[in-house]
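The structure appears below as structure tokens.
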Amino acid sequence: MMISTAIHDADAGPVDSAAYRLGFWVAVLIAVTTAVSFGLALTAVPISGPHCPGSCVTYPFTDDVVAGRFPKDYLWMYPAMLLALLFVALIACLHQLAPASRKVFSLIGLALAVPASTVLLTDYFLQVTVMQPSLVKGHTDGWSMLTQYNSNGVFIALEDLGYLMMGAALLPVAAVVAGPSRIERAIRWLFRGSFIAVVGSLVIVSVLYGTDRQDRFEVPALTVVWSVIIVSGLLLAVHFRRALRQQTPLAGD
């Protein structure tokens with residue numbers, strides 16, 4: 001029976017048309033934004049740390065080579081900040097659409113997504129509003145611990161934490177995409193797989209290198225999470241659009 005903009009389902013609760021529409025656009029935007037971030041990040045070739053391909057800059061990372069990388073090496077952080085915000089919005093949409101019996105899982109995911117986004121936003125915002133102007137003006141006091149070029153610095157540590165929490169946020173959210181369709185099954189496995197891959201990478205890198213991880217964890221964690229967001233974002237967009245047309249709940253089992 002039609003109730004306002006929702007259709008009631010005895011097991012899964014109301015189908016919220018507004019949330020499905022918002023979820024569709026958020027899913028599309030996050031997939032596109034992540035792809036743009038990824039593409040720009042690939043142009044920022046590492047010039048320090050274990051992934052440096054050639055002659056690398058070293059502490060205190062104020063070499064002329066670093067100055068020459070401005071602003072190209074910072075461009076990817078702008079869409080990455082939007083990505084962090086969209087990630088919270090996407091989890092919030094999934095939480096809104098989750099049936100009552102599964103909302104505890106999406107709530108846990110949302111509780112992890114918010115600090116993950118906050119950490120990454122803080123990290124990137126500091127780089128583009130503090131480190132960029134400091135580099136241009138030659139104000140490099142305290143530069144070494146904060147710059148993205150220090151593979152043992154604050155920037156990498158915050159990215160490690162942010163993407164670890166993003167991967168963790170996707171695990172409980174997988175429980176709310178519980179339908180039997182191939183798209184829903186793919187989304188579940190992507191969410192679960194991202195958690196396993198991120199945590200597994202952290203364990204392996206920590207066992208091999210201890211606390212001297214540098215960017216050995218950050219690179220695979222970012223790659224896994226971004227890849228999963230791109231693919232699952234597109235799949236969720238298709239799922240939301242189909243569900244909106246058919247007026248079916250997010251989880252019907």
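The values are calculated or read from the model by the stated rules, or taken from the named source; none is laboratory data. Please read these numbers as outputs of a predicted model, since none were measured by experiment. Here the Cβ positions follow ideal geometry from the backbone for every residue, glycine too, while neighbour counts run over all protein chains shown. To get the accessible areas, we keep the full protein, side chains included, count just its heavy atoms, and leave off ligands, DNA and RNA. Shrake-Rupley method; radii C 1.70, N 1.55, O 1.52, S 1.80 Å.
Explain nothing, just the number: relative contact order of segment 150-253, from Cα pairs under 8 Å at least 6 residues apart, as a whole percent.
Details: 95 pairs, mean separation 38.5, N = 104.
Across segment 150-253, relative contact order equals 37 percent.
Summing Lys and Arg as +1 and Asp and Glu as -1 over all other residues whose Cβ lies under 10 Å from the Cβ of residue 159 gives a net charge of -4. Summing Lys and Arg as +1 and Asp and Glu as -1 over all other residues whose Cβ lies under 12 Å from the Cβ of residue 95 gives a net charge of +1. Residue separation of residue 182 and residue 56 scaled by 0.36 nm, minus their Cα-Cα distance, works out to 40.7 nm of gained length. Potential lengthening of the chain between residue 137 and residue 246 amounts to 33.5 nm, from the contour at 0.36 nm per residue minus the alpha-carbon distance.
Hey, with R₀ at 41 Å, roughly what FRET efficiency would residue 104 and residue 231 work out to, going by the Cβ-Cβ distance, to 0.05? If you can, show how the numbers build up before the last one.
Details: r = 26 Å, r/R0 = 0.64.
Approximately 0.95, to the nearest 0.05.
Spin-label model, residue 189/residue 223: points 7 Å from Cα along the beta carbon direction are separated by 2.1 nm.
Computing FRET efficiency as 1/(1 + (r/R0)^6) for residue 75 and residue 145, where r is the C-beta to C-beta distance and R0 is 25 Å, gives about 0.65.
Annotation: extensible slack from residue 203 through residue 42 equals 55.4 nm (criterion: 0.36 nm per residue apart, minus Cα-Cα distance). Using a probe of 1.4 Å on the protein chains alone, the accessible area found for residue 163 is around 0 Å².
The value obtained for segment 63-159, namely the Cα convex hull volume divided by the number of residues, is 82 Å³ per residue.
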